[in-house]
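Structure first, commentary second.
The values are calculated or read from the model by the stated rules, or taken from the named source; none is laboratory data. As the structure is a computational prediction, the values presented were derived from the model and not from experiment. FYI the Cβ positions are ideal-geometry reconstructions off the backbone, even for glycines, and counts take in every protein chain you see.
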Amino acid sequence: MRPLAAGLWMLLAAGAAATAIWLTTAWLLEVADGAQAGTERARIRVDAVRTGLAAGAGAGAAVGLMLAFRRQRHAELATALNELDAAERRQDAIERRVTELYNAAAEQLGSDKAPVRLTALYTLERLANGNPGHRQTIVNIICAYLRMPFPVERPEPEVSEEELASLTAPDRVTLTSAGHARATDWEQERHVRLTAQRILGARLRPATDQFWADIELDLTGATLIDFSLFDCRVSRGFFHYATFTGDTLFSGEFSGDAEFHGAGFTGGLVGFVDLTFGGGAFFGRTTFTGHAVFGETRFTGRALFSDATFAGDTTFRGVTFEADIHFPGADFQGRANALEGIITVSDTALVHQLPPHWRIEPAEGTTGTIVQDPAPGSGG
């Protein structure tokens, strides 16, 4: 009840009580006037006055109690509002502090000194651990850093050995020092980027104490080195035109789409092992130059391998397709004989096009397996 309304009701109650007291006293005095003159009339008058005083005292006490209750109620409300206001101020201060810290860390990522960039990454990780509401924003900052250009190869001197020999000794020293500085910067930046990748891999693993849930990764166009999301759970992943160097491993789950359109896996082993694609898996125009392994992989959504190039050996083992499969234009240049009899196609899947010399052979129930026809002249 609002304070004004409560005060009005109290005034009305006090007025009603006073009116009742006055009427009662007046009635008793009227009774006294009707009594016989003398001691009886005096006694009745005294009793009437006493009754009126007692009733007035009781009403006053009741009004006093009501006023005390009202004051206590107002004090409690004021205390609660003050506490709420203080809590809101504390929360605002925390939010401002967190915002200041990750803005500062984001600026430090642009430093030309590798130790400063490393400090910024660890600061962001610590902030995300303590502030779940900021985790996606912090992951976005880390991903944006990894999307910055980075040369895959270690920089070499800009002149040939013959040109270097023709230079004077001071010029050779200057040129060699500059080349050494570039190589050192490259090594340091490589270390910083590996640290950023390790933070993502560690915090997207449900088995860890500080698991960052429901995170999307946008690594479009990023250069990733020995990239690993081992036993990780990601909401959605965008790796369009990303460059993966060295060994690469994905395992765990993409609960939404995973998009690798135009990505390049250059050298090393590429593994999509014990992995569930909860949404679509898009590998259109993806290039695998090394050994590509899809082992115990489950595609619950569309699987798109249109115009993908498998330059090295390819292994599909224990793979399950539960939705549409697209292989038009896929080019398998290495060995792919491990495909035979090990890909399960459920009755809910629709195969739009398989690579040349592949076919689906019925298996038990309503499933089938993808097999390769023997190569001409193999005698199979």
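Key figures for this structure:
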item	result
Scope segment 297-324; condition of a type in the set (Asp, Glu) and over 15 Å from Phe254 (Cβ atoms); matching residues	Asp307, Asp313, Asp324
Search result, residues across segment 302-313 that are farther than 19 Å from Asp226 by Cβ and in contact with a strand residue (DSSP E or B) (Cβ under 6 Å, 6 or more places away or on another chain)	Ala303, Leu304, Ser306, Thr309, Phe310, Asp313
Matching residues, segment 222-260, being without any contact (Cβ under 8 Å) to a residue 24 or more places away in the chain and assigned to a strand (DSSP E or B)	Gly237, Phe238, Glu259
Selected residue (only one of Arg298, Arg285, Arg302 is over 26 Å from the mean Cα position of the chain (by Cα), basic (Lys, Arg) and not assigned by TED's automatic domain parsing to the domain that holds Leu204)	Arg285
Identity of the residue in segment 249-303, of a type in the set (Ser, Thr, Tyr) and crowded, with 24+ Cβ neighbours inside 10 Å, that ends up farthest from Val152 (Cα to Cα)	Thr297
Residue within segment 331-341 that is part of a strand (DSSP E or B), crowded, with 20+ Cβ neighbours inside 10 Å and at pLDDT below 95 present	yes
Qualifying residue in segment 306-315 (condition: under 23 Å from Glu216 (Cα atoms) and either under 30 Å from the mean Cα position of the chain (by Cα) or not in a strand (DSSP E or B) (or both))	no
Test for Thr208: is it of a type in the set (Ser, Thr, Tyr), at pLDDT below 95 and within 23 Å of Val273 (Cα to Cα)	yes
Condition met for Gly280 (farther than 21 Å from Gly312 by Cα and outside the structural domain of Pro206 (by TED's automatic domain parsing))	yes
